[in-house]
Amino acid sequence: MTTLTDPPKESFRLSMLIYDTRYRSATIQVVAMLGFMLLAAWLINNTAQNLNALGKPIDFGFLGESAGYDINQRLIDYSSRSSHMRAAFVGLLNTLVVAVLGCLTATVLGIIIGVLRLSKNWLIARIMTVYVEMFRNVPVLLWIVFLMAILIETLPPPNAFRGENATATMVLSDSVAFTNRGVYVPEPLFSRSLGDLHLFGESAVRFDISLDLVVVLIALIGGIIGARMVKKRADRIQEATGDRPTTWYLVLGLIAVPTIIVMAALGFHLGYPALKGFNFQGGTHMRNSLIALWLALSLYTAAFIAENVRAGILAISKGQTEAAGALGLRPSRIMRLVVLPQALRVIIPPLISQYLNLTKNSSLAIAVGYMDITGTLGGITMNQTGRELECILMLMLVYLVISLTISFVMNWYNESVKLRER
Amino acid sequence: MSDIAFVRTEILPQKAPPVAATGFIGWARENLFSGWFNSILTVLSLAVIFSVLSSILPWVFSPTWNGTSLANCREILTAAGSVGEHGTTGACWGVIRERWLQLMFGFYPSELYWRPILTFVMLFVALGPILFTDFVPSKLIWFSGLFPFIAAWLLWGGSIWNPLVALAGFAIGFGVFRYASTALGALAAIILAALVPILWWVFLAGPVASGLSSVIPLELETVQSRNFGGFMLSITIGVTAIICSLPLGIILALGRQSDLLIVKSLCVGFIEFIRGVPLITLLFVASTLLNIFMPPGTNFDIILRVLIMVTLFAAAYMAEVIRGGLAALPKGQYEGADSLGLDYWQAQRLVIMPQALKISIPGIVSTFIGVFKDTTLVSIIALLDPLGLSNAIRADANWNGIVWELYGFIALLFFVFCFSMSRYSMYLERKLTTDHH
């Protein structure tokens, strides 16, 4: 008879750290962590030594000093006596302006082009293919400087609008002027204004919000909410009785009437640009740098969005369209109720990354002199103060925050439209 | 009895389809004029095409190839009679004829142009066994492995021992790996194979190279980095970043997919950081900060610094593309590899990676295209890529006022490169398809 004994109790040996799968992952992680910390310590040590040798230890005090340069395209008050921090904030707002404008136009353009690429019309589909390939295969920086050159070279100077035999005229019943110094558009004005709301006192990130605009927006949003309630009520009645009450005049009235009343009460009117002296006065002046950047980013990103839209629509199987047709839906409703909601799930994730790309590409503003955050904080401020490390760190942080915010918001939206699988 | 008078016994020959349904007319009715809306669209787009072509074509075909300055071009155009209401209408191609070598090579010494040209030709020979496995003998892959060292030597010049000693580092690493994996085991072998070459490059390579070159001086004339420019610079940066970012991206993607928490979070942090900031800020780091991060007194080449940052940038994007490929593989592939008894690296090398990389080819190529396009950004940190050179050329008194010709030429070259890359990826996708239809 054999006796079974317990295997001899294994004592821990050093080699088990490598050969025993129970410990190996821990070993690898510790080694990786040590390596990373050594590398980080080495880099920080080098940086500290170098900065000491250069005599400029890390110090963010320069942000409070007077910037001393001008920013011609800005949303908020700023002068060359303002601080570097203020200049960076102006730049940040400019980045956001061009990113938001660009995302909007790129989405609209991209959807139109993507749908047209699938058109049954051979010629239209080919033209859109040429557009997409043309923009996707040429660097965006080239498009930006190219459009800037087009605007400067082909548009008339302001003095061409002057005199009896002016060679250039304003468009849209004398309200918009395209000149080689930029585009002048009418600005909204309120004659019985409520004044501005001053936020953040006297700090560098202070800004004003027009109360008129807030009130108008509140009226508009209230109208939209009311219109949705009307629609919901119509849905309930339709479910209960089968008849849908006519609602379009109620919806239109709820959205338009309060807004129009509020705008009339505040004395809304447009301030038109007019030629005075050497240049246009009044209205809103959008400089060529902004227009070129906005156009180039929109056209370039639209080509990518068009491809995503096309892929999304193609991903919906033909059976869906046919089944919807068999239910008796009209083509427009098939698109709106069946194809698009499903295609959106495919389109949205790549769309998010296109928005991110557009926002990051807006940093190329520096090539045409549009003062975004790269142009102010990473451009003139960095060169004037010589604080490369601080400026670039702040710049990267700003872009990281913007990117992470966009992807967070869009991921949340993506989650809410995701297919609920069981 | 029926009173049928006539029964046909044979089938009638088929009639030809109506003219309006076949040939060009039928095709046009089907595809261009299939309704009033489509007809309007077709007519409108024909009008747009006509107006665009009628303004661009005369401009392109202008007889100014031999113009010596913008004023001279205008004289030629006036003599040829192409004068519009805003002065002459026509391109001034003289600028391209005079400056195209500069747009290609920057300020590279003209008597040494054979070196970049030879490198460019060799690039295609080296790419052959990788890109066209059907037509090129696979033995040439050895040349592909050696190519980076030959290319660096040819482009920058200097002693031949520098690239050879650098290459020796890889040979040493491989030798250590072979020896250690039998003596010490796989993990230790990998760590050693990474450490020993680094020690070799940092401490021994320099003295050995200088010693060897003093014994056997064999060198090409050195070309400074600041003389690099034009498309040569774009291609150098683009190709290097592409080649180096692929292995780095694979490692990062594997790290991000791994179960090891610390490794994973390091990889995620790196990838998300790089993807969250624009390339231009990384180029600012290359131009101003990278020297501060190095030990005091280090001052290394601006192109090398740009190469490092562009490679890191591309690697982060590559990692995400490959991660997509890894995630798309069915779980059964991982389990199948495990059940065959393959260890982690064998499974990755033999089962997972070949499939994951195949799935991610479109993404990989579009990352390549993106990186190549992004090389134009180096003009912002004052390197003379084609875009940077175009500004320099426009500042020349002879060519002051030239816009379209230069940008058009540069755009055309970029288009040719990027478009052929995307066509190649389509070819590769078709070739590698193993689906059954």
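The values are calculated or read from the model by the stated rules, or taken from the named source; none is laboratory data. The model shown is predicted, which means the values in this text are computed figures rather than measured ones. When we count neighbours, we look across all protein chains shown, and the Cβ atoms used for this are built from the backbone with ideal geometry, even at glycine. Please note that ligands, DNA and RNA were not included when accessible areas were found on the heavy atoms of the full protein model with its side chains. Shrake-Rupley method; radii C 1.70, N 1.55, O 1.52, S 1.80 Å.
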For B:Ile410, the net charge from surrounding residues (Cβ-Cβ under 13 Å; K, R +1; D, E -1) works out to +1
Placing each pseudo-label 7 Å from Cα in the direction of the beta carbon, A:Ser175 and A:Asn159 end up separated by a distance in nanometres of 3.0 nm
So, over other residues within a Cβ distance under 14 Å of A:Asn279, counting Lys, Arg +1 and Asp, Glu -1, the net charge is +4
The percentage of the accessible area of the range B:295-437 (probe 1.4 Å, all protein chains present) made up of carbon and sulfur atoms, to the nearest whole number, is 63 percent
From DSSP H assignment alone, runs of 4+ in chain B each adding -39500 (n - 2.57), the sum over residues rounded to the nearest 500 puts [θ] at 222 nm at -22000 deg cm²/dmol
So for R0 = 25 Å, FRET eff. of A:Lys318-B:Leu46 from the Cβ-Cβ r, to 0.05, ends up at 0.20
For peptide B:364-371, the mean count of other chain Cβ atoms within 10 Å per residue Cβ is 1
Accessible-area loss of at least 50 Å² (1.4 Å probe, chain alone to full protein assembly) applies in the range B:284-317 to B:Phe284, B:Leu289, B:Ile292, B:Phe293, B:Pro296
Distance in Å, no decimals, from the C-alpha centre of the range A:54-107 to the one of the range B:91-165 is 43 Å
If unit charges are put on Cβ atoms (+1 for Lys and Arg, -1 for Asp and Glu) and the dipole of the protein assembly as shown is taken about its Cα centre, the option from B:Thr133, A:Leu314, A:Ala365 lying farthest towards the positive end turns out to be A:Leu314
B:Phe33 and A:Asp208 label points (each 7 Å along its Cα→Cβ direction) are spaced in nm at 6.2 nm
By the mean-Cβ-within-10 Å protection proxy, highest first, B:313-325, A:337-349, A:45-57 rank as B:313-325, A:337-349, A:45-57
FRET efficiency (A:Arg228, B:Leu127; Cβ distance; R0 45 Å; to 0.05) is 0.15
The size of the Cβ-based charge dipole (Lys, Arg +1; Asp, Glu -1) of the range B:224-432 about the Cα centre, to the nearest 20 debye, is 220 debye
With every protein chain in place, the accessible area of B:Tyr108 for a 1.4 Å probe, in Å² rounded to the nearest 10, comes to 10 Å²
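Report the trypsin sites (Lys or Arg not before Pro) located in the range A:155-229 that are in a DSSP loop and have at most 14 other Cβ atoms inside 10 Å of their Cβ, or state none. Spell out each step's value before the answer.
Details: sites: A:Arg162, A:Arg181, A:Arg192, A:Arg206, A:Arg228; in loops: A:Arg162, A:Arg181, A:Arg192, A:Arg206.
Of the trypsin sites (Lys or Arg not before Pro), the ones in loops of the range A:155-229 whose Cβ has at most 14 other Cβ atoms within 10 Å are A:Arg162, A:Arg192, A:Arg206.
Calculated FRET efficiency, A:Asp196 and B:Leu218, Cβ-Cβ r, R0 56 Å, to nearest 0.05?
Details: r = 75 Å, r/R0 = 1.34.
Efficiency at R0 = 56 Å is approximately 0.15.
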In the structure shown, of B:Lys139/B:Lys358; A:Lys360/B:Lys264; A:Lys120/B:Lys373; B:Lys331/B:Lys373; A:Lys360/B:Lys431, the pairs separated by more than 27 angstrom at the C-alpha atoms are A:Lys120/B:Lys373; B:Lys331/B:Lys373; A:Lys360/B:Lys431
Given unit charges at Cβ for Lys, Arg (+) and Asp, Glu (-), the dipole magnitude of the protein assembly as shown about its Cα centre in debye, nearest 20, is 1580 debye
Karplus ³J(HN,Hα) for the range A:168-173 (6.51 cos²θ - 1.76 cosθ + 1.60, θ = phi - 60°; Hz, whole; x = Gly/Pro) runs 10, 10, 6, 9, 6, 6
Taking the convex hull of the alpha-carbon atoms of the protein assembly as shown and averaging its shadow over every direction gives an area in square nanometres of 65.5 nm²
Rounded to a whole number, the mean other protein chain Cβ count within 10 angstrom for residues of B:4-11 is 0
Under the rule rounded for a/c under 1.5, else prolate if a/b exceeds b/c, else oblate, using alpha carbon gyration tensor axes a ≥ b ≥ c, chain B is classed as oblate
If unit charges are put on Cβ atoms (+1 for Lys and Arg, -1 for Asp and Glu) and the dipole of chain A is taken about its Cα centre, the option from A:Gly201, A:Ile218, A:Val338 lying farthest towards the positive end turns out to be A:Val338
For B:335-343, A:138-146, ranked highest to lowest by mean beta-carbon neighbours within 10 Å, the order is A:138-146, B:335-343
Under the rule rounded for a/c under 1.5, else prolate if a/b exceeds b/c, else oblate, using alpha carbon gyration tensor axes a ≥ b ≥ c, the range B:209-332 is classed as prolate
Quick calc: nm separation of the 7 Å Cα→Cβ label points for B:Phe135 and A:Arg24 -> 4.4 nm
When the charge dipole of the protein assembly as shown is computed with +1 on Lys and Arg Cβ and -1 on Asp and Glu Cβ about the Cα centre, the Cα farthest towards its positive end, among B:Tyr317, B:Gly157, B:Leu412, belongs to B:Tyr317
Around B:Phe293 (Cβ within 13 Å, Cβ-to-Cβ, excluding B:Phe293; K/R +1, D/E -1) the net charge comes to 0
Interchain or sequence-distant (5+) residues whose placed amide H lies within less than 5 Å of the amide H of B:Val83 are B:Thr89
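Compute the length gained on full extension between B:Tyr344 and B:Thr89: take 0.36 nm times their separation in residues and subtract their Cα-Cα distance, giving the result in nm to one decimal.
On the way: separation 255, 0.36 × 255 = 91.80 nm, distance 6.62 nm.
Result: 85.2 nm gained on full extension.
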Reported to the nearest 10 Å², A:Thr5 has, with a 1.4 Å probe, an accessible area equal to 110 Å²
Full extension between A:Arg126 and A:Leu217 adds, at 0.36 nm per residue less the Cα distance, a length in nm of 28.5 nm
Taking chain A and counting helices only, DSSP H stretches of n ≥ 4 at -39,500 (n - 2.57) each over all residues, the nearest-500 ellipticity at 222 nm comes to -20000 deg cm²/dmol
In whole µm²/s, the translational diffusion coefficient that Stokes-Einstein assigns to the range B:158-220, given a Kirkwood hydrodynamic radius over C-alpha pairs, 10 °C and 1.306 mPa s, equals 129 µm²/s
Most packed first (mean Cβ within 10 Å per residue), the peptides B:421-433, A:304-316, B:351-363 order as A:304-316, B:351-363, B:421-433
Heavy-atom accessible area of B:Glu219, protein chains in place, probe 1.4 angstrom, given in Å² to nearest 10, is 130 Å²
Partnerless cysteines (no other Cys beta carbon under 4.7 Å) identified across the protein assembly as shown are A:Cys103, A:Cys391, B:Cys244, B:Cys267, B:Cys418
Cα-based Rg then Dmax for chain A, in Å, read 29.6, 124
Computed about the Cα centre, the charge dipole of the range A:51-204 from +1 Lys/Arg and -1 Asp/Glu charges at the Cβ has a magnitude in debye, to the nearest 20, of 560 debye
What the Cα atoms of the range A:1-120 span along the principal axes, largest first and in whole Å, is 97, 68, 19
Extension length gain for A:Leu38 and A:Leu400 (0.36 nm per residue less Cα distance), in nm, is 127.8 nm
Taking the alpha-carbon centre of each part, the distance from the range A:299-375 to the range A:108-129 in Å is 13 Å
Expressed as a whole number, the average count of other chain Cβ atoms within 10 Å around the Cβ atoms of A:129-137 is 3
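Give me the accessible area buried between chains A and B, both sides summed, with a 1.4 Å probe, in Å² rounded to the nearest 100.
Chains A and B together bury roughly 4900 Å² of accessible area.
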Computed D for the range B:224-432, Stokes-Einstein, Kirkwood radius over alpha-carbon pairs, 20 °C, 1.002 mPa s, to the nearest µm² per second, is 112 µm²/s
